[in-house]
Amino acid sequence: MLSAELPANEAERQQALDRQNLVDTPADPYLDTLTRLARELFGVKMVLVSLVDKDRQWFKSRQGLEVPETPRSISFCGHAVALGDALVVEDSLADPRFCDNPLVLQTPKVRFYAGQPLRDASGMILGTLCLLDTTPRRLSEAELARLRDLAYLVEGYLRLLEQSAQASQLRVALSQEQRKSMLDPLTQLWNRAGLRHFLPLEQAAAERQKLHLGLIYCDLDYFKQVNDRHGHVAGDQVLWESARRMSAAVRPQDVVTRAGGEEFVILTQVHDAGELLRIAERIRLAIAEQPIALEQLQYRQTASLGCTLLAPAENPKEALKRADQALYRAKRAGRNRCELAL
């Protein structure tokens, strides 16, 4: 196996990536939509937005791949960064750089790779938009042009993220190591530690804006049956897709967290209880309306949700208990519904 050489401007490139504050942050519905469309457009098994960090490649968006990162030393994207241009590997087993690569010989068994570099506004390469498949293939000139166009859209969106107020607040509040410890690797949502971190910050922000902080406790209905009947791989896919749908159903400023297992907590600043219930209903419908594609079937998943508003200066723990009680009322009432606790 041949590991990629570091580019001559590696120090500057790494500084540019660090300035973005994108590594170890939650998944983004816009990028997930784009990578999902790319997988359908090209008919490949996997599509990634890969950010090449010091010693790893970390996936800001991923379709068809369970792991959130791999070592840089075995990455295909490291070669694209070193090349500074699009890299296409039509058959990895016929390429001496990759024929004995663990990503080729073991899961996910990559045979085809096409990576288009993603650059910041100054031209520094941050990573790639890449296509991967388990069978060899060749891209036409038209397909290569489409890949460049999609990468251009990703670049533009990453620049918008860098400039957003939310990114600025994250930059001040958390280091990359702190972010990494607060990110759930499966769903790429904030974990329970992230919930503890953001809850008082969101409560204070809501008070400054003269709004209410709403809590939505969401639990996937009968989730144990997914693991029991279809296996844990299918269960992980249901959790991953449900997390994506929750994030897409809320607003960019809302905070979506995985509290543990199949339980999620969403923090949202609202004007009143009616607005909170409307957001909860959007989440419920996002999960229930369309089946989740598993390996052998289309799986119908639903969720029960409990909602409450934090009272001024209330201890968030009490509000979480209240939302949890509302969640259990939703379950007792038949599941796949939203309940409000005042």
Cα gyration tensor shape of the range 1-51, rounded if a/c is under 1.5, else prolate or oblate by comparing a/b with b/c: oblate
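Using the crude model of +1 on Lys and Arg Cβ and -1 on Asp and Glu Cβ, and no other charge, please compute the dipole size for the chain relative to its Cα centre, in debye to 20. Intermediate values should be presented prior to the final figure.
Values: 44 positive and 45 negative charges, 173 e Å.
Rounded to the nearest 20 debye, it is 820 debye.
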Geometric extent, Cα atoms of the range 216-260 - Rg, Dmax (angstrom): 11.8, 37
Helix 232-249 sits off the longest principal axis of the Cα atoms of the chain, rounded to the nearest 10 on a 0 to 90 degree scale, by 70 degrees
In Å, the Kirkwood hydrodynamic radius from C-alpha pairs for the range 10-168 sits at 15.6 Å
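For the range 240-317, what number results from the quotient of the Cα radius of gyration and 2.2 N^0.38 Å?
Working: Rg = 13.9 Å, N = 78, 2.2 N^0.38 = 11.5 Å.
So the Cα radius of gyration is 1.20 times the expected 2.2 N^0.38 Å.
Say R0 is 25 Å: what FRET efficiency, to the nearest 0.05, do GLU263 and LEU37 get from their beta-carbon distance? Numbers along the way, then the final one.
Details: r = 30 Å, r/R0 = 1.20.
Efficiency at R0 = 25 Å is approximately 0.25.
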For the chain, take every pair of Cα atoms, bin their distances at 10 Å starting from 0, and report each bin as a whole percent. 5, 24, 30, 23, 12, 4, 0
In terms of the charge dipole of the chain, which places +1 on Lys and Arg and -1 on Asp and Glu at the beta carbon, the residue among LEU297, GLY84, THR135 farthest towards the positive end is LEU297
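Order of MET246, MET46 from fewest to most other C-beta atoms within 10 Å?
On the way: MET246 26, MET46 20.
Neighbour counts put them in this order, fewest first: MET46, MET246.
Would you mind computing the Rg to Rh ratio of the range 128-228 from its alpha-carbon coordinates, Kirkwood style for Rh? Don't skip to the answer; put the middle values down first.
Values: Rg = 20.0 Å, Rh = 18.0 Å.
Checking Rg against Rh, the ratio lands at 1.11.
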Quick check: the angle from helix 141-163's long axis to the longest principal axis of the chain, C-alpha only, nearest 10 degrees? 50 degrees
Residue-normalised 222 nm signal for the chain, counting each DSSP H run of n ≥ 4 as -39,500 (n - 2.57), nearest 500 deg cm²/dmol, is -14000 deg cm²/dmol
With R₀ set to 41 angstrom, the calculated FRET efficiency between the beta-carbons of ASN227 and SER140, to the nearest 0.05, is 0.45
Give the angle, between 0 and 90 degrees and rounded to the nearest 10, that separates the Cα long axis of helix 273-288 from the longest principal axis of the Cα atoms of the chain. 50 degrees
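Whole-Å semi-axes of the range 175-262's equivalent ellipsoid, largest first, each the root of 5 times a Cα gyration tensor eigenvalue? Present the calculation step by step, with values, prior to reporting the outcome.
Working: eigenvalues 148, 47, 21 Å².
Each semi-axis is the square root of five times an eigenvalue, giving 27, 15, 10 Å.
Could you list ASP149, ASP24, ASP53 in order of exposure, starting from the residue whose Cβ has the fewest other Cβ atoms within 10 Å?
Values: ASP149 10, ASP24 23, ASP53 19.
Least crowded to most crowded, the residues run ASP149, ASP53, ASP24.
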If the convex hull of the alpha-carbon atoms of the range 211-341 is projected onto planes in all directions, what is the mean projected area in square nanometres? 7.5 nm²
Cα→Cβ-extended label distance, 7 Å offset, between ARG196 and LEU2, nm: 4.9 nm
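We did not get these values from a lab; they are worked out from the coordinates using the rules stated. As the structure is a computational prediction, the values presented were derived from the model and not from experiment. As a convention, Cβ positions derive from the backbone with ideal geometry for all residues, glycine included, and neighbour counts pool all protein chains shown.
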